[in-house]
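Here the structure is laid out as structure tokens; the discussion comes afterwards.
The values are calculated or read from the model by the stated rules, or taken from the named source; none is laboratory data. None of these values were measured; they are calculated from a predicted model. Every residue, glycine among them, receives a Cβ derived from its backbone with ideal geometry; neighbour counts consider all protein chains shown.
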């Protein structure tokens, strides 16, 4: 468990996120804003030693996981935007390549946290400005079938919480 002085308790809005089926983009953006605000402070309390430790060769360090979350934010923002004006765009994310090419092991941790925070703050704005008619627009992510923006936003929140809890050594959040 995290040795931080402050820990975020999973409330029902975090833990039950995937159970919500009918939601507006406004609700999603508020949830993401809350997560970004709460967890960005906790990320600052993790020691550099913990950020750079690699549990096994071929596994990501906490710093690389945070870089992966920044990459995920970039890719999902692109999906949220492009799917609104293109019909079923194909936006694929090769996470291992992105993390390796991004060089997150060499990032200043404070800058990486700031990057993650700013990308998610931008995602909040993109989602808040989205109208409800866009929810059913689809994007091809190389899954078996294209997914709706609604599904992608829901999945993004679950994915985010899963990895944030890994970094902070909090109670695991199952994903997928």
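Checking residue 75 against (1) in contact (Cβ under 8 Å) with a residue 40 or more places away in the chain; (2) surrounded by 13 or more Cβ atoms within 10 Å (Cβ to Cβ); (3) under 26 Å from residue 130 (Cβ atoms): exactly one of these is not met. Which one?
Among (1) in contact (Cβ under 8 Å) with a residue 40 or more places away in the chain; (2) surrounded by 13 or more Cβ atoms within 10 Å (Cβ to Cβ); (3) under 26 Å from residue 130 (Cβ atoms), the lone unmet condition for residue 75 is (1).
Say we look at the stretch 48-72 and pick out the residues that are more than 19 Å from residue 162 (Cβ to Cβ) and modelled with pLDDT under 95; which of these is surrounded by the fewest Cβ atoms within 10 Å (Cβ to Cβ)?
It comes out as 57.
Checking the conditions here, which among 152, 115 is buried (at least 17 other Cβ atoms within 10 Å of the Cβ) and closer than 24 Å to residue 49 by Cβ?
One residue alone meets the criteria, 115.
Please find, among 157, 113, the residue that is in a helix (DSSP H, G or I), more than 23 Å from residue 91 (Cβ to Cβ) and in contact with a helix residue (DSSP H, G or I) (Cβ under 6 Å, 6 or more places away or on another chain).
Testing whether each residue is in a helix (DSSP H, G or I), more than 23 Å from residue 91 (Cβ to Cβ) and in contact with a helix residue (DSSP H, G or I) (Cβ under 6 Å, 6 or more places away or on another chain) leaves just 113.
Restricting attention to the stretch 87-110, and to residues there that are in a helix (DSSP H, G or I) and touching a residue at least 24 places away in the same chain (Cβ under 8 Å), which single residue is nearest to residue 143 (Cα to Cα)?
95
Just for the stretch 91-101: of the residues that are in contact with a helix residue (DSSP H, G or I) (Cβ under 8 Å, 6 or more places away or on another chain) and under 17 Å from residue 58 (Cβ atoms), which one is surrounded by the fewest Cβ atoms within 10 Å (Cβ to Cβ)?
For the stretch 91-101, the residue satisfying everything is 95.
For the stretch 48-72, which positions are closer than 30 Å to residue 146 by Cα, in contact (Cβ under 8 Å) with a residue 24 or more places away in the chain and not in a helix (DSSP H, G or I)?
60
When you scan the stretch 23-47, how many residues do you find that are in a helix (DSSP H, G or I) and at pLDDT below 85?
2
From the residues in the stretch 116-141 that are over 18 Å from the mean Cα position of the chain (by Cα) and in a loop (DSSP other than H, G, I, E, B), which one is nearest to residue 84 (Cα to Cα)?
137
Residue 20 passes all but one of (1) modelled with pLDDT under 95; (2) surrounded by 14 or more Cβ atoms within 10 Å (Cβ to Cβ); (3) farther than 20 Å from residue 121 by Cβ; which number fails?
The one condition residue 20 does not meet is (2).
Answer yes if at least one residue in the stretch 130-142 is surrounded by 14 or more Cβ atoms within 10 Å (Cβ to Cβ), at pLDDT below 95 and closer than 30 Å to residue 50 by Cβ, and no otherwise.
Within the stretch 130-142 (the criterion being surrounded by 14 or more Cβ atoms within 10 Å (Cβ to Cβ), at pLDDT below 95 and closer than 30 Å to residue 50 by Cβ), the answer is no, since none of the residues qualifies.
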